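Engineer: Here it is: the structure, laid out below.
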Amino acid sequence: MSQEQAAGWAVETLIRCADEAAKKGITLGIEDDGGITTNADRTVEIVKKTDSEWAGINLDIGNFPDDAYEQIEMCAP
């Protein structure tokens, strides 16, 4: 599958999980840990497309292979 297709599936799944998590007051975090979340731009895209205050980023600053400071800055807001 393509990166775009995988990210789309991640968004669909995270939306459903965030809806359930909200009912229980749980915040979910997607971690930047390889695969489709190797870079901040894709990780941020997934969370933004989920459009839920119950889904965010579990930022692991040691997992960005390139331009770590720039990638961390992208995730921080």
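The values are calculated or read from the model by the stated rules, or taken from the named source; none is laboratory data. None of the values given here were measured: they were computed from a predicted structure. For neighbour counting, all protein chains shown are included, and Cβ atoms are generated from backbone atoms with ideal geometry for every residue, glycine included.
Engineer: Out of Ala55, Ala22, Ala68, I need the residue that is hydrophobic (A, V, I, L, M, F, W, C) and touching a strand residue (DSSP E or B) at 6+ places or on another chain (Cβ under 6 Å). Which one?
Structural biologist: Numbers: Ala22 fails: touching a strand residue (DSSP E or B) at 6+ places or on another chain (Cβ under 6 Å); Ala68 fails: touching a strand residue (DSSP E or B) at 6+ places or on another chain (Cβ under 6 Å).
Being hydrophobic (A, V, I, L, M, F, W, C) and touching a strand residue (DSSP E or B) at 6+ places or on another chain (Cβ under 6 Å) holds for just one of Ala55, Ala22, Ala68, which is Ala55.
Engineer: Against the condition modelled with pLDDT under 95, loosely packed, with under 13 Cβ neighbours inside 10 Å and on the phi > 0 side of the Ramachandran plot, how does Asp41 come out, does it pass? Show your work before the answer.
Structural biologist: Values: modelled with pLDDT under 95: yes; loosely packed, with under 13 Cβ neighbours inside 10 Å: yes; on the phi > 0 side of the Ramachandran plot: no.
Judged against the criteria, Asp41 is not a match.
Engineer: If you don't mind, another one. Does the stretch 22-38 include one or more residues that are surrounded by fewer than 17 Cβ atoms within 10 Å (Cβ to Cβ), touching a Ser or Thr at 6+ places or on another chain (Cβ under 9 Å) and part of a helix (DSSP H, G or I)?
Structural biologist: For the stretch 22-38, residues surrounded by fewer than 17 Cβ atoms within 10 Å (Cβ to Cβ), touching a Ser or Thr at 6+ places or on another chain (Cβ under 9 Å) and part of a helix (DSSP H, G or I): present.
Engineer: Out of curiosity, is Asp60 acidic (Asp, Glu), surrounded by 13 or more Cβ atoms within 10 Å (Cβ to Cβ), under 23 Å from Ile72 (Cα atoms) and touching a Leu at 6+ places or on another chain (Cβ under 9 Å)?
Structural biologist: Values: acidic (Asp, Glu): yes; surrounded by 13 or more Cβ atoms within 10 Å (Cβ to Cβ): yes; under 23 Å from Ile72 (Cα atoms): yes; touching a Leu at 6+ places or on another chain (Cβ under 9 Å): no.
No.
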